[in-house]
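What follows is a single structure, written as structure tokens, with notes after it.
Just so you know, all these numbers are worked out from the coordinates, no wet-lab data involved. Remember, it's a predicted structure, so these values are computed and weren't measured experimentally. Cβ placement follows ideal geometry from the backbone for every residue including glycine, while neighbour counts extend to all protein chains displayed.
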Amino acid sequence: SATETTIANIISSKGWKNQVLTYENLEKLFGALDSGRCDAMFTDKSALAAWRGNSAVPEDLTILPEIIEKSPFAGFVAANDSRWRNALRWISYGVVQAEEWGINSANIEEKKAATEPAVRKFLGVEGTTGADFGIPADFMAQVVIQVGNYGEMYERNLGPDTTIAIDRKGTLNALWTEGGAMISPLWD
């Protein structure tokens, strides 16, 4: 895998004499760590954080801050369903845009009264943005009402107050305006 190559390159460049063990699934990998068969492991941060959160001794497990490779996750839909694909794509962009514009589940009704044309179009107060996907014009307002913006969803599911406890600050999961990679195309 790409991770194996990255780890081998790191070990080689540091001159370390470590042995790399590979496992066919995360359960076996985490079992090797728990049993003392290995001293360190590499996988995506969310998997490490979830395992640490469910560990009997989470205080004994430290997730290092260094990011050794970029492995973005994505969803997929059936190739022959372009309307559904486009709707999901714009919903994904939209939750990021909502956070950037300060629109959240607590202030959505107030934001619907905004005077900015882009915000009014985004929330379905004006225009027909959702019609191209066969969904209501206010689809983004409904998404934010029901699940919140990207930041709200992240904090609720992965943030510091969860068992996973991954802080967004300084990571690719932060908005682009805060040094991260989360950005939405223009909604105008």
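Projecting the Cα atoms of Thr115, Trp187, Ile145 onto the charge dipole of the chain (Cβ charges, centred on the Cα centre) puts Trp187 farthest toward the positive pole.
Taking label positions 7 Å along the Cα-Cβ direction at both Ile68 and Ala113, the computed distance is 5.4 nm, reported to one decimal. For Val95, what charge total do you get from the other residues with a beta carbon under 13 Å from its beta carbon, if Lys and Arg give +1 and Asp and Glu give -1? Local net charge: -2.
Dividing the summed helix terms, -39500 (n - 2.57) for each DSSP H run of n ≥ 4, by the number of residues in the chain produces a 222 nm estimate of -12500 deg cm²/dmol to the nearest 500. Sites count as exposed loop sites when they are trypsin sites (Lys or Arg not before Pro), lie in a DSSP loop, and have at most 14 other Cβ atoms within 10 angstrom; the longest stretch of the chain without one is 71-168. Are any of the pairs Lys70/Lys169; Lys70/Lys112; Lys17/Lys70; Lys14/Lys70; Lys17/Lys45; Lys45/Lys121 more than 27 Å apart by Cα-Cα distance, and if so, which? Distance filter (> 27 Å) returns Lys70/Lys112; Lys45/Lys121. Shape class for the stretch 2-43: oblate, because the ratio a/c of the largest to smallest gyration tensor axis (alpha-carbon atoms, square roots of eigenvalues) is 1.5 or more and b/c is at least a/b. For the pair Ala78 and Lys17, a Förster radius of 35 Å applied to the C-beta separation gives a FRET efficiency near 0.15, rounded to the nearest 0.05. Within the stretch 36-141, the GluC sites (Glu not before Pro) that combine a DSSP coil assignment with at most 10 other C-beta atoms in a 10 angstrom radius are Glu66.
Anisotropy class assigned to the stretch 82-178 is prolate, per the alpha carbon gyration tensor with a/c at or over the 1.5 cut-off and a/b larger than b/c. Taking Cβ atoms as reference points and 15 Å as the exclusive limit, the residues near Ala141 contribute a net charge of -3, counting Lys and Arg as +1 and Asp and Glu as -1. Among Ala49, Ser12, Leu26, which residue has its Cα positioned farthest towards the positive end of the charge dipole of the stretch 2-60, with +1 placed on the Cβ of Lys and Arg, -1 on the Cβ of Asp and Glu, and the dipole taken about the Cα centre? It is Ser12, whose Cα lies furthest towards the positive end.
Annotation for the stretch 1-84: chymotrypsin sites (Phe, Trp or Tyr not before Pro) lying in DSSP loop with at most 13 further Cβ atoms inside 10 Å of their Cβ are Trp16, Phe73, Phe76. Against the set (1) 10, 36, 39, 14, 1; (2) 8, 28, 27, 20, 12, 4, 0; (3) 9, 33, 36, 20, 3, 0, the structure's computed P(r) over Cα pairs in 10 Å bins from 0, in percent falls on (2). Taking Asn173, Asn18, Asn107 as the candidate residues, the one with maximal mean-square fluctuation in a Gaussian network model of the chain, Cα springs under 10 Å, is Asn18.
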